[in-house]
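Contents: one structure, followed by commentary.
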Amino acid sequence: MNRKIVIGLIVAAILVIGSTVALAVPSLGVATGSYIGDTACATQASYIDCFTGPYVSGANEGFLIGPSGSDLFVFSNITDADIWLMTTSDVQSANSPAINGTPLSPITLTSGNHFDGYAPTPYYGIDLGAMSTANPLPNPFNPGQFYFESEALTYTGSILAGQYFFAVADDNGIDGLQGQGKHSKSDSFSPKTTSAVGGPGTPPPPVPEPAAFLLFGAGLMGLGLMRRWLRT
C-alpha cells in the first residue's frame, strides 16, 4: 500500500478514536495501518474501547505488523530524548529484523532487567535519535504535540502473535537505558496497546510459484542450447 495512504489512514483513525473520549495517549507508540481490537472500535470509536479492550478472542492488543518491507510509524510527544525501537530476543533469533536496512544490536540495560510485558530478554534494537518534529500528528493526541517517524521493517519468516516491536525513550535523566526492577528508575516505554504486534497479518516474504521456477529453468536451458548452437 502507498505510504501516503497508510499515513492518512493512521491519522484518520487517530482522529476517529479520540473524537468521542479525549483521554491521554501514552507518550510512545509504534503504529501500523491496522489495529487488533474489538469490533466496538469501528462503531463506538472511543479511545478506551480501542486501546484497552475487550479484544477479539485469541488476538493480542496492538497495531498489526505487516509483511517484510512494511513501515512502522514510531510516534511520541517526547522530543528531548533519544528514542529506541526494540524487540525481544526470540524475534531477533528467528526473524533477523532490520530497520531501514540496519540490523538490530543487542541492548544492555544499565539497571533493571525488563520492560513490563516484553519477553524474553535480552532485547535488541536501534537508536533512532531524538524524535523529528517534521511530521506532527493532529489533535486529539494529548497532552502536548505528538510527532511520528516512518521506519521500514524487513525480516525473514513470520513474526508471531504476542511478539512485539516497542519504543523506549532515554528520558529518565540517567545515562544508558534503564528497565524495570526493584531498585530501578525505568525509562519510558510504549505499552502493548500502542506497540506493534505480530499475527495473521505478518506473512513471510512471498515464495516464487512452481511455474516461476519452471520458467527460470526453461530460460537457463534455452541459454545453454543457444550457446551450443553459436559454437557449432
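The values are calculated or read from the model by the stated rules, or taken from the named source; none is laboratory data. From a predicted model like this one, the values you see are computed outputs, not experimental measurements. Note: ideal-geometry Cβ built from the backbone for every residue, glycine included; neighbour counts use all protein chains shown.
Taking the stretch 94-119, which residues are surrounded by 15 or more Cβ atoms within 10 Å (Cβ to Cβ) and within 14 Å of Ile159 (Cα to Cα)? Selection gives Ala94, Asn95, Pro97, Ala98. Would the stretch 173-191 turn up any residue that is at pLDDT 85 or above, under 26 Å from Ser70 (Cα atoms) and not small (Gly, Ala, Ser)? Yes. For Ala119, the conditions (1) within 19 Å of Asp82 (Cβ to Cβ); (2) free of Cβ contacts under 8 Å to residues at least 40 places away in the same chain are fulfilled apart from (1).
Could you tell me whether Leu137 is crowded, with 18+ Cβ neighbours inside 10 Å, under 18 Å from Ala169 (Cβ atoms) and at pLDDT 90 or above? In short, no.
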